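Visitor: Below is the structure I would like to discuss, written out as structure tokens.
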Amino acid sequence: MRDTYCGTLRKDDVARTVTLAGWVFRRRDHGGLIFADLRDVTGIVQIVFSPEIAKEAHDRAGDIRGEYVLKVTGSVRKRPVETENLNIPTGEIEVYVSDFEVLNTCKVLPFQLDDEDMNEAVRLKYRYLDMRRPEMQRIFIERSKAYKITRDYLTSQGFYEIETPLLTRSTPEGARDFIVPSRLNPSMFYALPQSPQLFKQLLMMSGFEKYFQIARCFRDEDLRADRQPEFTQIDIEMSFVTREDVIEVNEGLIITLYEALKGKKPPEVPFPRMTFADAMDKYGSDKPDLRFGLTITDLTPVFLNTELGVFKKTIESGGSVKALVLKGRTLSRKDLDVAVDTAKELGSGGLIWIRKDADGLQSPIVKFLNDEEKSQMISRLGVEPGDVVFIMADKPQKVSDLMGRFRLYLGEKYGLIDKSLDKFLWVIDFPLLEYNEEEKRYVARHHPFTSPKERLLGFDGDYEAILANAYDLVFNGVELGGGSIRNHRTEDQAEMFRLLNIKEDEAADKFGFLLEALEMGAPPHGGIAFGFDRIIMMFLGLSSIRDVIAFPKTQKGSCLLTGAPSRVAHRQLTELKIRTIVD
RNA sequence: GGGGUCGUAGUUAAGCCUGGUUAUAACGCCGGCCUGUCACGCCGGAGGCCGCGAGUUCAAUUCUCGUCGACCCCGCCA
């Protein structure tokens, strides 16, 4: 239909006769002369309707409106001096239309495509129009590039791409499943996969050795700016590997993607590492944002014999006292009150501030501290005049977590984060287990197939001290992916189920197929999975995962475009032998 | 499940705190003029269930409660 794309035209094309096809982006009707910007997937070019060049075309051009779909034939000409538009790549030329055809008309759109400040609900209802905008097209063109890079890189490393089922079995542990009724088996349900975890391990038992898949995953949990109920993972599994092997090949993949999407090299290669314990101690997070310092200091030793009630009580019951120092910011009383309120909103029992002025320490609690405590605190924290110390006291894990979040608040509020930096980090040596208050038992921190760093047969010590052979990749404080070396021997996996308090018959019922497969020559194996959407979002510098998903869901999980989820015909339910219990 | 922000022409916002006139602006849309614009310009015009439902009041876009929807966060997300 066409022989040339709009956005590709340059000075070299002058004098060519071209046929273009695209949408009318903007028109500027001067009566005698009509300009329009014709847009296709490659960009825009100015087309000119002149009565002197083509009277008939010019007459008809008056009826053209925004977003009309045109096929245009004309000659490429250099723009007259002083009328070039250097803001667009095609700005040195224009196309004089000799003839055109309206391929389709267009109603007045519900919003203007060049409106940058659009309500997201309207964009989502008319997502196909939203996606017509060049900046949205750019995102999805980059995303498309990322698929290809991923496939090229991994296949060149000897990986095989294999698909796994979407209709699979619901398993306990982990996120809530989306379930799908089985018509052929009334009252039975499939589950959509939270990840292809078990299948990729089984493929290792099949002997493929290196597997990957760009896999859709489903988790029926509440949404966030960076979480959708269905999302895409780069899912990877390898046989006969150690943690170092997995990290090496995947660091290569991430670097390749980073360079392609950001157009520059990552700042630090190989990516630095940090243990989970260090991350929690210094940054109060298992995904620390290293673009700024502001590390947490443990002041518990300073206050072991304190007379200050809050600290004394906390320390006696096994808690910790932790501090952050905001350097060189003379905060007003109001700033400090806001900080205290913020800490409360984060869930803190209280935040203590101490301001060091030229006259000494200012704080509501300073009179309860003795000289020894004050001087020790000052030397440990390196406090200088103009600094503010923030202190919280609570159970060790809780205070770490709270200080971690408070650190992010301070970083954001006081502009400590250098947004021009990119910081990758491997977090390693996670705990294998964590206590779940709700279920009153230990659950797997990563997943139940993760292996411990050391074999555990007959383990009877401190569950929380067991380290896992697991690793996460963190980028600017966001988790991009994580993985582990798995248990490849039945007895090790059975031991894990024992630690998780999953009974033998239950394990056999739910995971029997895996345990059996492990008994039939399962190789040592491990892998990783990256959030593909998140990678695109982070590397393109976007703040919402919805911006990198073509047709995303709202926070309540609905699609404003199609109206999903929706009621279904009663007949459909009957066929599935399903009765709902609410109207 | 909980906390917060928001909802007014097609769109983006102002007005609401402190209730009372024809609900304001920009962009878009429609008509007219315009041969070098590129966010074209100039003149004129149309366009509103102030999300929905109750309540308070002589009177509600404005105050109160509820509800629906969008967004951010906590819980949740192996």
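The values are calculated or read from the model by the stated rules, or taken from the named source; none is laboratory data. Model, not experiment: these values are computed from the prediction. Every residue, glycine as well, gets a Cβ built from its backbone with ideal geometry; the counts of neighbours run over all protein chains shown. Only protein heavy atoms, including side chains, enter the accessible area calculation; ligands, DNA and RNA are left aside. Shrake-Rupley method; radii C 1.70, N 1.55, O 1.52, S 1.80 Å.
Visitor: Taking only pairs six or more apart or across chains, which ones have beta-carbon atoms under 6 Å, a first residue in segment A:361-379 that is in contact (Cβ under 8 Å) with a residue 24 or more places away in the chain, and a second residue that is open to solvent by less than 50 Å² (accessible area, probe 1.4 Å) and part of a helix (DSSP H, G or I)?
Guide: Note: pairs meeting the criteria are A:Glu373/A:Val302; A:Gln376/A:Val302; A:Met377/A:Val302.
Visitor: Every residue in segment A:175-197 that is surrounded by 16 or more Cβ atoms within 10 Å (Cβ to Cβ) and under 23 Å from the mean Cα position of the chain (by Cα), please.
Guide: Across segment A:175-197, the qualifying residues are A:Asp177, A:Phe178, A:Leu192, A:Pro193, A:Gln194, A:Ser195, A:Pro196, A:Gln197.
Visitor: All but one of (1) among the β-branched types (Val, Ile, Thr); (2) in contact with a Leu (Cβ under 8 Å, 6 or more places away or on another chain); (3) assigned to a helix (DSSP H, G or I) hold for A:Val399; state the number of the condition that does not hold.
Guide: (2)
Visitor: Working carefully through the options A:Val97, A:Val108, A:Val102, find the one that is closer than 29 Å to A:Arg127 by Cα, of a type in the set (Val, Ile, Thr) and more than 10 Å from RNA strand B (Cβ to nearest atom). Let's see the steps before the verdict.
Guide: Numbers: A:Val97 fails: closer than 29 Å to A:Arg127 by Cα; A:Val108 fails: more than 10 Å from RNA strand B (Cβ to nearest atom).
None of the others qualify; the one that does is A:Val102.
Visitor: Out of curiosity, is A:Ser170 in a loop (DSSP other than H, G, I, E, B), open to solvent by 30 Å² or more (accessible area, probe 1.4 Å) and touching a Cys at 6+ places or on another chain (Cβ under 9 Å)?
Guide: So A:Ser170 does not fit the description; no.
Visitor: Now for a different question. Of the conditions (1) open to solvent by 20 Å² or more (accessible area, probe 1.4 Å); (2) more than 30 Å from A:Gln137 (Cα to Cα), A:Leu518 satisfies every one except a single condition; which number is it?
Guide: (1)
Visitor: Another one. Looking for whichever is more than 16 Å from RNA strand B (Cβ to nearest atom), outside any helix (DSSP H, G or I) and open to solvent by less than 70 Å² (accessible area, probe 1.4 Å) here; the options are A:Val383, A:Val427. Which one fits?
Guide: A:Val383
Visitor: Please tell me if A:Asn487 is more than 26 Å from A:Gly521 (Cβ to Cβ) and open to solvent by less than 20 Å² (accessible area, probe 1.4 Å). Give the steps one after another, and end with the answer.
Guide: Working: more than 26 Å from A:Gly521 (Cβ to Cβ): no; open to solvent by less than 20 Å² (accessible area, probe 1.4 Å): yes.
In short, no.
Visitor: Sort through A:Lys356, A:Lys374, A:Lys334 and tell me the only one that's surrounded by fewer than 16 Cβ atoms within 10 Å (Cβ to Cβ) and either in contact with a helix residue (DSSP H, G or I) (Cβ under 6 Å, 6 or more places away or on another chain) or of a type outside the set (Gly, Ala, Ser) (or both).
Guide: Unique residue meeting the criteria: A:Lys334.
Visitor: Mind listing whichever residues of segment A:440-484 are part of a strand (DSSP E or B), open to solvent by 40 Å² or more (accessible area, probe 1.4 Å) and within 14 Å of RNA strand B (Cβ to nearest atom)?
Guide: Within segment A:440-484, A:Arg441, A:Tyr442, A:Glu479 meet the criteria.
Visitor: Can you find, within segment A:116-143, the residue that is modelled with the lowest pLDDT among those that are hydrophobic (A, V, I, L, M, F, W, C) and within 9 Å of RNA strand B (Cβ to nearest atom)?
Guide: A:Met118
Visitor: Can you find a residue in segment A:520-535 that is part of a helix (DSSP H, G or I) and touching a Lys or Arg at 6+ places or on another chain (Cβ under 6 Å)?
Guide: no
Visitor: Hey, can you tell me all the residues within segment A:521-553 that are open to solvent by less than 20 Å² (accessible area, probe 1.4 Å) and small (Gly, Ala, Ser)?
Guide: A:Ala522, A:Gly526, A:Gly527, A:Ala529, A:Gly531, A:Ser544
Visitor: Scan segment A:36-52 for residues that are touching a residue at least 40 places away in the same chain (Cβ under 8 Å), near RNA strand B (Cβ under 9 Å from one of its atoms) and over 17 Å from A:Asp13 (Cβ atoms) and report the count.
Guide: Of the residues in that region, 1 qualify.
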